[in-house]
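The values are calculated or read from the model by the stated rules, or taken from the named source; none is laboratory data. Nothing here was measured: the structure is a model prediction, and the numbers come from that model. Glycine gets a Cβ as well: all are built from the backbone with ideal geometry, and neighbour counts include every protein chain shown. Surface areas here come from the heavy atoms of the whole protein model, side chains and all, with no ligands, DNA or RNA. Shrake-Rupley method; radii C 1.70, N 1.55, O 1.52, S 1.80 Å.
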Amino acid sequence: RWRAAEDMLLEFAKQLASFDKGLVQPIEIARTSNPTEAARLVGTMSWGVRDENNWSLSDGPALVRHVRPDLTFVRDEVDRARAEMNRALGLIHDRESSMELCNVLYDGIRRHRFGYETEQHTVDLTTQSIRTPKQVTTHKTATCIDIACLFASLLEAAGQNPLIIILAGPTFVHALAGYRVRGEPPWDNSAKSDVRGAVARRDAVLFEAPGAVEADEPVGAELPGERRDKLLTFLDAISGAGRLLARNDVSIRHFVDVRALRESA
């Protein structure tokens with residue numbers, strides 16, 4: 001029962017808006033595009049974006065502000081990795097141990113069973129919203145840039161040299177996560193050939209961060225059937241990043257070496 005007609009009308013308006021969003025809009029979108037796109041748009045979470053979430057798409061170095069090694073969730077995950085490896089993570093310098101550490105951190109995120117989603121549409125096409133690690137755990141979902149920044153936060157908290165690479169293709173923009181092996185100097189040139197060379201020499205490792213979250217379809221350059229129970233193994237995530245970086249129609253829009261940028265600030 002409502003105390004006044006105005007209260008009933010307000011509740012009715014909420015119900016009608018919900019009906020429109022959940023049932024009417026998907027049909028209208030499907031008519032102009034396709035059922036898959038309609039389901040994707042309707043299934044994308046709408047959440048309260050704060051100023052700290054905003055990132056200017058043209059400002060690669062500004063991504064460092066979204067790398068948060070100080071947050072509780074990040075520290076807890078790094079502590080879990082330290083206990084599993086039973087060693088001081090800050091002393092890891094060699095390629096094999098760095099790979100093992102990143103694998104442990106990757107599997108740690110996999111166990112949370114977060115879901116993958118694409119970026120929600122915004123009025124301002126020059127900015128993108130990036131969830132903090134806390135928001136990822138609260139929403140139980142993440143975009144490619146959300147999860148790439150989360151892995152950069154984990155790797156920095158573990159004393160490593162995180163990388164975030166933003167790639168641009170013919171119809172997409174996509175984020176890769178990774179790290180530069182400690183002891184290897186930053187590159188003077190972040191051209192695509194230099195990044196490929198560093199990966200080939202194993203001076204750096206790049207991987208598909210969304211491989212650690214659940215997805216119903218391949219993301220980036222993943223192959224159909226690679227996902228098992230909606231997730232990628234760490235090695236398959238590395239292979240997917242390699243295939244995407246090898247494409248001739250893909251260019252590097254931003255190369256973000258977190259530690260190098262911190263030290264130059």
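Filtering segment 143-195 down to residues that are under 15 Å from the mean Cα position of the chain (by Cα) and polar (S, T, N, Q), which residue is nearest to Asn248 (Cα to Cα)?
Taking the candidates together, the pick is Thr143.
In the list Arg202, Arg182, which residue meets the criterion of being exposed (fewer than 14 other Cβ atoms within 10 Å of the Cβ) and within 25 Å of Ile92 (Cβ to Cβ)? Spell out how you get there, then give the answer.
Numbers: Arg182 fails: exposed (fewer than 14 other Cβ atoms within 10 Å of the Cβ).
Testing whether each residue is exposed (fewer than 14 other Cβ atoms within 10 Å of the Cβ) and within 25 Å of Ile92 (Cβ to Cβ) leaves just Arg202.
Val195: closer than 19 Å to Cys102 by Cβ, assigned to a strand (DSSP E or B), β-branched (Val, Ile, Thr) and open to solvent by less than 20 Å² (accessible area, probe 1.4 Å), yes or no? Reasoning before the result, please.
Numbers: closer than 19 Å to Cys102 by Cβ: yes; assigned to a strand (DSSP E or B): no; β-branched (Val, Ile, Thr): yes; open to solvent by less than 20 Å² (accessible area, probe 1.4 Å): yes.
No; evaluated as a whole, the condition is false for this residue.
Can you tell me which residue is modelled with the highest pLDDT among those in segment 41-53 that are outside any helix (DSSP H, G or I) and exposed (fewer than 15 other Cβ atoms within 10 Å of the Cβ)?
Filtering segment 41-53 for residues outside any helix (DSSP H, G or I) gives 44-50.
Of the ones still in play, those that are also exposed (fewer than 15 other Cβ atoms within 10 Å of the Cβ) are 45-48, 50.
On the way: Met45: 56, Ser46: 62, Trp47: 64, Gly48: 69, Arg50: 80.
The selected residue is Arg50.
Mind checking whether some residue in segment 246-259 is touching a strand residue (DSSP E or B) at 6+ places or on another chain (Cβ under 8 Å), more than 23 Å from Leu57 (Cβ to Cβ), open to solvent by less than 70 Å² (accessible area, probe 1.4 Å) and in contact (Cβ under 8 Å) with a residue 12 or more places away in the chain?
No, every residue in segment 246-259 fails to be touching a strand residue (DSSP E or B) at 6+ places or on another chain (Cβ under 8 Å), more than 23 Å from Leu57 (Cβ to Cβ), open to solvent by less than 70 Å² (accessible area, probe 1.4 Å) and in contact (Cβ under 8 Å) with a residue 12 or more places away in the chain.
Name the pairs whose Cβ atoms lie under 7 Å apart, with the first residue in segment 47-73 and at negative phi, the second hydrophobic (A, V, I, L, M, F, W, C) and open to solvent by 60 Å² or more (accessible area, probe 1.4 Å), and 6 or more positions between them or separate chains?
Listed pairs, sorted by first residue: none to list.
Can you name the number of the only condition in (1) part of a strand (DSSP E or B); (2) on the phi > 0 side of the Ramachandran plot that Gly183 fails?
Of everything listed in (1) part of a strand (DSSP E or B); (2) on the phi > 0 side of the Ramachandran plot, Gly183 misses just condition (1).
Tell me whether segment 219-226 contains one or more residues that are in contact (Cβ under 8 Å) with a residue 24 or more places away in the chain and out of contact with any Leu (no Cβ under 7 Å at 6 or more places or on another chain).
We begin by selecting, within segment 219-226, every residue in contact (Cβ under 8 Å) with a residue 24 or more places away in the chain; these are 219-221.
Okay, now just the ones that are also out of contact with any Leu (no Cβ under 7 Å at 6 or more places or on another chain), so 219.
There is at least one residue in segment 219-226 that is in contact (Cβ under 8 Å) with a residue 24 or more places away in the chain and out of contact with any Leu (no Cβ under 7 Å at 6 or more places or on another chain).
Which numbered condition in (1) open to solvent by 70 Å² or more (accessible area, probe 1.4 Å); (2) at pLDDT 90 or above; (3) assigned to a helix (DSSP H, G or I) is the only one that Met8 fails?
So the condition that Met8 fails would be (2).
Do any helices (runs of 4 or more DSSP H) entirely within segment 54-164 hold 1 or more residues that are open to solvent by 60 Å² or more (accessible area, probe 1.4 Å), and if so, which?
72-85, 95-110, 133-139
Taking Leu206, is it free of Cβ contacts under 8 Å to residues at least 40 places away in the same chain, touching a helix residue (DSSP H, G or I) at 6+ places or on another chain (Cβ under 7 Å) and not hydroxyl-bearing (Ser, Thr, Tyr)?
Values: free of Cβ contacts under 8 Å to residues at least 40 places away in the same chain: no; touching a helix residue (DSSP H, G or I) at 6+ places or on another chain (Cβ under 7 Å): yes; not hydroxyl-bearing (Ser, Thr, Tyr): yes.
Considered against the rule, which asks whether it is free of Cβ contacts under 8 Å to residues at least 40 places away in the same chain, touching a helix residue (DSSP H, G or I) at 6+ places or on another chain (Cβ under 7 Å) and not hydroxyl-bearing (Ser, Thr, Tyr), Leu206 comes out as no.
If I ask for residues that are in contact with a strand residue (DSSP E or B) (Cβ under 7 Å, 6 or more places away or on another chain) and closer than 22 Å to Pro170 by Cα, which ones from segment 222-237 would you list?
Listed by number, the list holds a single entry, Ala237.
Being in contact (Cβ under 8 Å) with a residue 60 or more places away in the chain and among the β-branched types (Val, Ile, Thr) is the filter here, so list the residues in segment 180-203 that pass it.
Passing the criteria: Val181, Val195.
Of everything in segment 214-245, what is more than 17 Å from the chain's Cα centre (by Cα), loosely packed, with under 13 Cβ neighbours inside 10 Å and charged (D, E, K, R)? Give them in sequence order.
Arg228, Asp229
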